[in-house]
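S.K.: Have a look at this one before I ask anything.
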Amino acid sequence: MGELLAFAGRPEEAEQWVRKSMSLNPYHPQRYWTHLARALFHQGRYAETGDALDQIGRPRSDDLAYAVAASAMLQDGQATARNVEALRVAFPDFSAAEFVDNLPYARDEDLDLLRDALVRTEF
């Protein structure tokens, strides 16, 4: 439910659902951290986004992309450079434009925010 609400443009509710799911299942899958990070990102809570993503032992391309976007929004050049490098090394064929275009956001402004954050990195 949290994932769906984040994509539907309701990140505050998404966060509540994800945190509830995490508390009910302390052995939750790592992707719950991704869902939480997405909800936090769209609330403008970029440092917390990074903290959530740091909990993921084996990050996927979307985890690393949100880490790039969050650090770019924080204007943390060193963290952004590290995150971009990690994404490029792990997923050399990653395309920011293709990534964003394939996300099922209901609101264009959510897509634009993520796209603009990734563009800042000149990725």
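S.K.: Which ³J(HN,Hα) values in Hz, rounded to whole numbers, follow from the phi angles of region 35-46 under the Karplus curve 6.51 cos²θ - 1.76 cosθ + 1.60, where θ = phi - 60° and Gly and Pro get x?
M.R.: 4, 5, 4, 4, 5, 5, 4, 7, 9, x, 9, 6
S.K.: Can you put F7, F91 in order of accessible area, largest first, using a 1.4 Å probe?
M.R.: Sorted descending by solvent-accessible area, the residues read F91, F7.
S.K.: Given the rule -39500 (n - 2.57) for each run of at least 4 DSSP H residues, summed and divided by the residues of the chain, what is its mean residue ellipticity at 222 nm, to the nearest 500 deg cm²/dmol?
M.R.: The helix contribution divided over the chain gives -20500 deg cm²/dmol.
S.K.: If I stretch the segment between D101 and Q30 completely, what's the gain in nm (0.36 nm per residue apart, minus their alpha carbon distance), one decimal?
M.R.: Extra length available between D101 and Q30 comes to 23.2 nm.
S.K.: Let me ask something else about it. What are the ³J(HN,Hα) values, in whole Hz, obtained from phi via the Karplus relation 6.51 cos²θ - 1.76 cosθ + 1.60 with θ = phi - 60°, for each residue of region 51-62 in sequence order, with x given for Gly and Pro?
M.R.: So the Karplus estimates, Gly and Pro as x, are 4, 5, 5, 5, 7, 8, x, 10, x, 8, 4, 5 Hz.
S.K.: Report which label in [x] 16; [y] 44; [z] 21 holds the value of percent of Cα pairs over 25 Å apart derived from the coordinates of this structure.
M.R.: [x]
S.K.: With a 1.4 Å probe and every protein chain kept in, tell me what percent of the accessible surface of the chain is carbon plus sulfur.
M.R.: Whole-percent figure for carbon plus sulfur exposure: 48.
S.K.: Further, regarding this structure: Can you run phi through the Karplus equation (6.51, -1.76, 1.60; θ = phi - 60°) for region 21-33 and list ³J(HN,Hα) in whole Hz, with x for Gly and Pro?
M.R.: Ordered by residue, 3J(HN,Hα) equals 4, 5, 6, 6, 10, x, 9, 4, x, 4, 4, 4, 5 Hz.
S.K.: Counting heavy atoms of the protein chains only and a 1.4 Å probe, report the per residue accessible area for region 7-123 as a whole number of Å².
M.R.: Result: 56 Å² per residue.
The values are calculated or read from the model by the stated rules, or taken from the named source; none is laboratory data. What you see is a predicted model; the values in this text were computed from it and never measured. SASA here: full protein model, heavy atoms, side chains in, ligands and nucleic acids out. Shrake-Rupley method; radii C 1.70, N 1.55, O 1.52, S 1.80 Å.
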